[in-house]
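The values are calculated or read from the model by the stated rules, or taken from the named source; none is laboratory data. Model, not experiment: these values are computed from the prediction. In this analysis, Cβ positions are derived from the backbone assuming ideal geometry, glycine residues included, and neighbour counts consider all displayed protein chains.
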Amino acid sequence: MQFLLLGLAALVLALFSIGGFTRANPAALARQLRLAGGAVALGASALFLIRGAPGVAAVLGMIGSWLLGWNGTAPTWRRPQAPKTGQSSTVTTDHLEMELDHDSGAMGGRVLKGMFTGRNLDTLKPAEVALLWHDCRFIDPQSAQLLETYLDRVHPTWREDVSRGEREMRDHDGRMQPEQAYEILGLKPGATDEEVRRAHRDLMLKLHPDRGGSTYLAAQVNEAKDVLLNQR
């Protein structure tokens, strides 16, 4: 064992005495030292094995293999990388394609389905985004969650605004008021049943979800028709 230690010490001294050491690449030098140490350890392992000391030979063989990286566990040295900038993440759902800027936290996106298909979110009014959120709440929860996050950023009071609008639209029992029903159908108070049915039919042709319309608005139109016809 003493001969082994002396041999390793001599190897290190020899490497330090090589001309131009101070200009050497630290990573390359560390690798050379590791490889040289591994070779010496394997040589000593063979020597001890010949001399009838298999236990010491096995230990030195394992050390040599580790230094040479034969077992895949040799350590590696890497320069620390500077944090990357300008990165973004894209999420695609049934109704949306959203992008998040990692640096600024800004969100943007494009509508893939529904009455605003092809529109960028930043071109929609908060009320229109809220309408899209209404459509996604039950049929596409992932898109609804993304829209909630987007609205929280661009219009923090949107939840209160939506709640207030729904309260104003209905009476204390939660039913749609006739005045709101006329307004939804685009009719004046006192319109006949035939006018109500015609207005409902025309709006449903435009708003039906199967035609790229709004599920929420279609439901409101249906409710408005029922309110006015049932009050007769």
Original post:
For the range 191-212, does any single residue satisfy the condition of being farther than 28 Å from residue 132 by Cβ, of a type outside the set (D, E, K, R) and at pLDDT 90 or above?
Top reply: yes
Original post:
What do you reckon, is residue 133 at pLDDT 90 or above and surrounded by 15 or more Cβ atoms within 10 Å (Cβ to Cβ)?
Top reply: yes
Original post:
Given the range 151-232, what helices (runs of 4 or more DSSP H) lie entirely inside it while holding 2 or more residues that are under 38 Å from the mean Cα position of the chain (by Cα)?
Top reply: 158-169, 193-207, 215-230
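Do the conditions hold for residue 169, that is, is it assigned by TED's automatic domain parsing to the domain that holds residue 133, under 22 Å from residue 136 (Cα atoms) and in contact with a strand residue (DSSP E or B) (Cβ under 7 Å, 6 or more places away or on another chain)?
It is true that residue 169 is assigned by TED's automatic domain parsing to the domain that holds residue 133, under 22 Å from residue 136 (Cα atoms) and in contact with a strand residue (DSSP E or B) (Cβ under 7 Å, 6 or more places away or on another chain).
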